[in-house]
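Worksheet: one structure, shown below.
Quick note: the coordinates plus some simple rules give every number you see, no bench work behind them. Computed from a predicted model, the values in this text were never measured in an experiment. Virtual Cβ from ideal backbone geometry, glycine too; neighbours counted across all protein chains shown.
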Amino acid sequence: RRSLTTAIAGATSALLAVTAVNAQAARTINLGHTLSDSSHYSVGADAFEETLERLSGGEFEVAEHPSGSLGGERAMIEGLQIGTVDVVITSTGPLGNFVPESYVLDLPFLFKSYEEARCVLDGEIGQDLLNKMSDHNLVGLAWSENGFRHMTNSVRPVTSPDDAKGLKVRTMENKVHMEAFEQMGVHPTPMAFPEVFTALQQGTVDGQENPITVIVATKFWEVQDHLSLTGHVYSPAAVLGSPVLLDSLTEEERSWFEQAAKASAEATREEVSRLERDGVKLLREKGMTVKTDINKAPFQEAVKPAYKIYTDQYGSEMLDRIRASG
Ligand code: PAF
């Protein structure tokens, strides 16, 4: 009996020791994004988590921080640089403030379709842009997706730049976008996303612009009456990592993060495509008036000067490469 008790005690302490080692070994990766836990970014975060945990055999576990709980996108990118956040899924909205090379992607009407944008981002140009991030104290893991942006407002239906004139519209903290809206006669009001719903609710701004994915995930129908499918710019998202974390990893561990980011991007894009198919119907059901018959030519004409302002400042090399690849 004594030896049985000793054996049980021995097995128990061995089990406790293994559990302790495992508990010690599991490193928590803090992943932040600004959208709700039912959004396309959250679908991407789940895929990241599942892939990283599987590939690493539980060495890493992922804690998702949705809804801007770690701050807006600009604040989270700063967090990556100093290592207070490990992984972020972000639009390119504030990215140009850190990685000016990414501004090219924010030019209005640059891409005509999802296929074209995805093809460029998955090819050499996309990889070059991801590589550039390391010059700016960031790690570019993969290009994910936010979607084509459309305008919403609570003043009037918009089908032409003339209708949009004079509206106060929240934009991302992105000077290429702000410039383009100014050219259209809109008053751009840059603002971090976590403040947008309240600003719309309180009438600080009349409208905002975002993809169907975001309009659905954020329930903007509660504070916006009109949606116009302007598709004025493709909004990529990037899965970014902190150099503080990634530079401390082995090559194998780092490759798990890259694979997890790719799986995340794939899952997000699938969700974007699904919402492109089903989202507008839902928004109509929720009471928004939706203008689908938008003649894009006058919008394109109105924002043309933004291209010159961009090339004067950053040159045309990247833009030419993107155009040549189309
Ligand atoms: O409008 C924005 O700031 C971005 O599109 C959002 C909603 C944060 C998603 O990246």
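Data table
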{"item": "Qualifying residue in segment 246-263 (condition: within 18 Å of the chain's Cα centre (by Cα), outside any loop (DSSP other than H, G, I, E, B) and within 15 Å of the ligand (Cβ to nearest atom))", "result": "no"}
{"item": "Residue match in segment 36-51 (condition: over 22 Å from Lys262 (Cα atoms) and not in a loop (DSSP other than H, G, I, E, B))", "result": "no"}
{"item": "Residue satisfying condition, being over 25 Å from the mean Cα position of the chain (by Cα), surrounded by fewer than 19 Cβ atoms within 10 Å (Cβ to Cβ), closer than 27 Å to Val223 by Cα and small (Gly, Ala, Ser), within set Gly315, Gly287", "result": "Gly287"}
{"item": "Residue selected from segment 149-163 under the condition crowded, with 24+ Cβ neighbours inside 10 Å and among the hydrophobic types (A, V, I, L, M, F, W, C), by the criterion nearest to the ligand (Cβ to nearest atom)", "result": "Met151"}
{"item": "Among the candidates Lys112, Lys168, Lys132, residue that is closer than 18 Å to Asn97 by Cβ and of a type in the set (D, E, K, R)", "result": "Lys132"}
{"item": "Residue match in segment 175-194 (condition: among the β-branched types (Val, Ile, Thr), in contact (Cβ under 8 Å) with a residue 12 or more places away in the chain, over 22 Å from Val290 (Cβ atoms) and not in a helix (DSSP H, G or I))", "result": "yes"}
{"item": "Test: Gly44 is of a type in the set (Gly, Ala, Ser), more than 16 Å from the ligand (Cβ to nearest atom) and either closer than 23 Å to Ser134 by Cα or in contact with a His (Cβ under 6 Å, 6 or more places away or on another chain) (or both)", "result": "no"}
{"item": "Subset of segment 64-105 [within 11 Å of the ligand (Cβ to nearest atom), in contact with a helix residue (DSSP H, G or I) (Cβ under 9 Å, 6 or more places away or on another chain) and either part of a helix (DSSP H, G or I) or more than 24 Å from Ser39 (Cα to Cα) (or both)]", "result": "Glu73, Arg74, Leu95"}
{"item": "In segment 106-116, the residues that are surrounded by 24 or more Cβ atoms within 10 Å (Cβ to Cβ) and either more than 16 Å from the ligand (Cβ to nearest atom) or not in a loop (DSSP other than H, G, I, E, B) (or both)", "result": "Asp106"}
{"item": "Single unsatisfied condition, Ser273 versus (1) closer than 15 Å to Val169 by Cβ; (2) more than 16 Å from the ligand (Cβ to nearest atom); (3) among the hydroxyl-bearing types (Ser, Thr, Tyr)", "result": "(1)"}
{"item": "Filter result (under 25 Å from Glu276 (Cβ atoms) and within 13 Å of the ligand (Cβ to nearest atom)) within segment 164-176", "result": "Val169, Arg170, Thr171, Met172, Asn174"}
{"item": "Number of the condition not met by Met318 [criteria: (1) of a type outside the set (S, T, N, Q); (2) on the phi < 0 side of the Ramachandran plot; (3) outside any helix (DSSP H, G or I)]", "result": "(3)"}
{"item": "Top-ranked residue in segment 57-71 [being touching a residue at least 40 places away in the same chain (Cβ under 8 Å), buried (at least 16 other Cβ atoms within 10 Å of the Cβ) and touching an Asp or Glu at 6+ places or on another chain (Cβ under 8 Å); ranked as farthest from Ala26 (Cα to Cα)]", "result": "Ser67"}
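Condition check ((1) buried (at least 17 other Cβ atoms within 10 Å of the Cβ); (2) closer than 21 Å to Asp37 by Cβ; (3) under 20 Å from the mean Cα position of the chain (by Cα); (4) near the ligand (Cβ under 10 Å from one of its atoms)) across all residues:
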{"position": "Met178", "(1), (2), (3), (4)": "yes, no, yes, no"}
{"position": "Phe181", "(1), (2), (3), (4)": "yes, no, no, no"}
{"position": "Ala192", "(1), (2), (3), (4)": "yes, yes, yes, yes"}
{"position": "Val196", "(1), (2), (3), (4)": "yes, yes, yes, yes"}
{"position": "Ala217", "(1), (2), (3), (4)": "yes, yes, yes, yes"}
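Here is a yes/no grid of residues against (1) crowded, with 24+ Cβ neighbours inside 10 Å; (2) more than 20 Å from the chain's Cα centre (by Cα); (3) not aliphatic (A, V, I, L, M):
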site	(1), (2), (3)
Gly203	no, yes, yes
Asp206	no, yes, yes
Val214	yes, no, no
Asp225	no, yes, yes
Leu229	no, no, no
